[in-house]
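The values are calculated or read from the model by the stated rules, or taken from the named source; none is laboratory data. Keep in mind that what you see is a predicted model, and the values were worked out from it rather than measured. So basically every Cβ, Gly included, is an ideal-geometry build from the backbone, and we count neighbours across all protein chains shown. When the accessible area is computed, the model is the full protein with side chains, heavy atoms only, and any ligands, DNA or RNA have been set aside. Shrake-Rupley method; radii C 1.70, N 1.55, O 1.52, S 1.80 Å.
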Amino acid sequence: MAELEEQERRLTLPRFTHDDAWALGCLLVDMARARQAPVAVDIRRGGQQLFHAALPGSTPDNDAWIDRKRRVVERYGCSSYLVGSRFRAKGSTFEESSRLDPDRYAAHGGAFPIAVEGVGVIGTVAVSGLPQVEDHALVVAALERFTAS
């Protein structure tokens, strides 16, 4: 969990504009295509969807997973994978202990907070279509490249 918490500290952005959402989304799509990953990608700021793409092999179920994982980030302020990991570390599961509707919330990897320095969490970036560890890793890798540019 320390590594997941460090990722969130390290991947805080100085700002996040509509153009940044487009650039990050295109970067994620390019990375997913290079891996032939059948994913959907979603980026939101506040209640507004700024970017969405569905690559070949993705399905409407991926969009439903994105919505469920995104709600976890919005509620807890940290990545959906970290939230699920915290419940597992306590010997339980998110589904058993969160008291939240599993049809609306999923603490599975793939949704990550967009945090801005001095502001906090302002949105989410999410991927669905791979196993949860790979969804999470794809988002983190894209944010690492994005912050390095």
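Evaluate segment 71-82: report whether one residue or more is basic (K, R), in contact with a Lys or Arg (Cβ under 9 Å, 6 or more places away or on another chain) and assigned to a helix (DSSP H, G or I). Reasoning before the result, please.
Our first condition is that a residue be basic (K, R); within segment 71-82, this holds for 71, 75.
Okay, now just the ones that are also in contact with a Lys or Arg (Cβ under 9 Å, 6 or more places away or on another chain), so 71.
Narrowing further to those that are assigned to a helix (DSSP H, G or I): 71.
There is at least one residue in segment 71-82 that is basic (K, R), in contact with a Lys or Arg (Cβ under 9 Å, 6 or more places away or on another chain) and assigned to a helix (DSSP H, G or I).
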Test S98 against the stated conditions and say whether it is surrounded by 17 or more Cβ atoms within 10 Å (Cβ to Cβ) and more than 19 Å from T17 (Cα to Cα).
yes
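Kindly evaluate A142 against the criterion of being over 18 Å from D61 (Cβ atoms), open to solvent by 60 Å² or more (accessible area, probe 1.4 Å) and among the small types (G, A, S).
Details: over 18 Å from D61 (Cβ atoms): yes; open to solvent by 60 Å² or more (accessible area, probe 1.4 Å): no; among the small types (G, A, S): yes.
Taking the combined requirement at face value, the residue does not satisfy it.
Would you confirm whether or not segment 43-61 contains a residue that is under 15 Å from V125 (Cα atoms), among the acidic types (D, E), out of contact with any Asp or Glu (no Cβ under 6 Å at 6 or more places or on another chain) and modelled with pLDDT of 95 or more?
Residues of segment 43-61 that are under 15 Å from V125 (Cα atoms), as a first pass: 43-54.
Those left that are additionally among the acidic types (D, E): none.
No, because not a single residue in segment 43-61 is under 15 Å from V125 (Cα atoms), among the acidic types (D, E), out of contact with any Asp or Glu (no Cβ under 6 Å at 6 or more places or on another chain) and modelled with pLDDT of 95 or more.
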Count of residues meeting criterion [open to solvent by less than 20 Å² (accessible area, probe 1.4 Å), farther than 19 Å from D135 by Cα and either part of a loop (DSSP other than H, G, I, E, B) or in contact with a His (Cβ under 9 Å, 6 or more places away or on another chain) (or both)] in segment 1-36:
1
Selection from segment 114-136 of residues part of a helix (DSSP H, G or I) and buried (at least 17 other Cβ atoms within 10 Å of the Cβ) yields Q132, D135, H136
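So in segment 58-93, with the set limited to residues that are of a type in the set (A, V, I, L, M, F, W, C) and surrounded by fewer than 20 Cβ atoms within 10 Å (Cβ to Cβ), which one is farthest from the chain's Cα centre (by Cα)?
Of segment 58-93, the ones of a type in the set (A, V, I, L, M, F, W, C) are 64-66, 72-73, 78, 82-83, 87, 89.
Remaining after also requiring surrounded by fewer than 20 Cβ atoms within 10 Å (Cβ to Cβ): 64, 87, 89.
Numbers: A64: 13, F87: 18, A89: 20 Å.
Per the criteria, the residue is A89.
Among the residues of segment 37-57 satisfying the criterion of being outside any strand (DSSP E or B) and free of Cβ contacts under 8 Å to residues at least 24 places away in the same chain, which is surrounded by the fewest Cβ atoms within 10 Å (Cβ to Cβ)? Spell out how you get there, then give the answer.
Initially, segment 37-57 is screened for residues outside any strand (DSSP E or B), giving 37-39, 46-47, 55-57.
Imposing the further condition that a residue be free of Cβ contacts under 8 Å to residues at least 24 places away in the same chain reduces the set to 47, 56.
Values: G47: 7, P56: 9.
The selected residue is G47.
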So A111 clears everything in (1) crowded, with 18+ Cβ neighbours inside 10 Å; (2) farther than 13 Å from Y76 by Cα except one condition, right? Which one?
(2)
